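Report on the structure given below.
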Amino acid sequence: MTIARTFAASVLFGLPVFAPGFAAAADRVETEKVAVSVETLAEGLEHPWAVEVLPDGAYLVTERPGRMRIVRDGTLSDPIGGVPDVRARGQGGLMDVALAPDFATSRTIYFTASTANRRGSGTEAFSAALTTDGSKLENVKSIFTMKQFTGGSIQYGSRIAMAGDGSLFISIGDRGDSNRSQDWKDDAGSIVHINADGSIPADNPFKDSGKALPEIWSKGHRNPQGITFDLADGKLYTVEHGARGGDEINVIEPGKNYGWPIISYGRNYSGSKIGEGTAKKGLEQPLHYWDPSIAPGALAIYRGKMFPEWDGDFVVAALKFELLARMQRDKNGTFVAGEQIFEGDYGRLRDVIVAPDGALLVVTDEADGALLRVSRSDRQNG
């Protein structure tokens, strides 16, 4: 991979952020199929976790300590008011954010966070309305709280995938207690499915059975931090942290058990064996696994116009290996090729999404984190 500066940087005195085209220099990066340009849209963000594109082209960004900000025209806003208290310790804090399908008129957003009570902490999801001027959240409501809060500050999940009907799929980690992933009366280690108001959708597999919590869609997950729909086939996919090896990509189907910790392609951090091996009847196999682990962040499936060479490819942000993994599938959906992009160049990569213009947007999980835009190098401004 080759990186080259494409234009000189200007200096913005006193401002910790950079606007595309006139501030920080863009990098030109040669990938296997296309050269890309990497622009820094903003920096000075503290452990940013997620980004969404607003209808006016501005960017809504979450920071793990509990802040939301808007990046518009190269300017980083003050923290948005009205964000509820979060428990920002360890891996916890303010996490994902998603726009309602009708955001342009309703101004509704959804977001997840780790919150605390006297029993410990857990993953919670909220809805709110972003004021027209973007300065405040109003009508903040809790729409989902995992049933069992516990001690520790690891493995909360937590990403949101918006379904076409406006319902939400939310990934919940096992909170560091692997046995919880096999307890169907516990939200830990699951994908939950709720309506926008927190009610239970009619198509949930355990809505009225009593065999599992009614919000549970699937179980046997360790720490899924990427979840998204493929716009082409409508299927739901996750990317999940393994232990020492065993990071996985899964296609998520209702009522299925994805095996953690009974089966895994990884090992415990001590090197000891996990569970009963790599396969067992009744437990789902991953579409792909990594060994060694890349520590995946978010997952995007590329369906944009800017990079037709990547159509249908999976793009995974990696924390430990500090890269984007681009993964190509054949007509049967089998992963057959791929490449590692930006390895070590921009730090830990937490979120990746496909913007409306087809560019990739990436946030870096650093104390001085950044929002990056990855576009085609032979185009200007996308």
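A few points about this structure:
- A single entry from F321, F342, F314 fulfils the requirement of being of a type in the set (F, W, Y) and in contact with a Lys or Arg (Cβ under 8 Å, 6 or more places away or on another chain): F314.
- Restricted to strands (runs of 3 or more DSSP E) entirely inside the stretch 265-345, those with at least 1 residues that are open to solvent by 60 Å² or more (accessible area, probe 1.4 Å) and modelled with pLDDT of 95 or more are 288-290, 335-341.
- Boolean, A232 is surrounded by fewer than 23 Cβ atoms within 10 Å (Cβ to Cβ) and in contact with a strand residue (DSSP E or B) (Cβ under 9 Å, 6 or more places away or on another chain): yes
- Matching entry among R64, R87 (being touching a His at 6+ places or on another chain (Cβ under 9 Å) and either among the acidic types (D, E) or crowded, with 20+ Cβ neighbours inside 10 Å (or both)): R64
- Only listed residue being open to solvent by less than 30 Å² (accessible area, probe 1.4 Å) and among the charged types (D, E, K, R), chosen from D203, D247: D247
- Hits in the stretch 347-364 (condition: buried (at least 21 other Cβ atoms within 10 Å of the Cβ) and not aliphatic (A, V, I, L, M)): R350, D351, T364
- Filtered residue count, the stretch 140-160, keeping only those that are under 13 Å from A100 (Cβ atoms) and under 13 Å from the mean Cα position of the chain (by Cα): 1
- Count - residues of the stretch 43-61 that are in contact with a Ser or Thr (Cβ under 6 Å, 6 or more places away or on another chain) and either of a type in the set (K, R) or open to solvent by 30 Å² or more (accessible area, probe 1.4 Å) (or both): 0
- Of S77, S106, all but one fail to be under 20 Å from A370 (Cα atoms) and open to solvent by 10 Å² or more (accessible area, probe 1.4 Å); the exception is S77.
- Of the strands (runs of 3 or more DSSP E) lying entirely inside the stretch 133-231, those containing at least 2 residues that are of a type in the set (V, I, T) and more than 26 Å from A317 (Cα to Cα) span 137-145.
The values are calculated or read from the model by the stated rules, or taken from the named source; none is laboratory data. In this text, all values refer to a predicted model and were calculated from it rather than measured experimentally. Every residue, glycine as well, gets a Cβ built from its backbone with ideal geometry; the counts of neighbours run over all protein chains shown. To get the accessible areas, we keep the full protein, side chains included, count just its heavy atoms, and leave off ligands, DNA and RNA. Shrake-Rupley method; radii C 1.70, N 1.55, O 1.52, S 1.80 Å.
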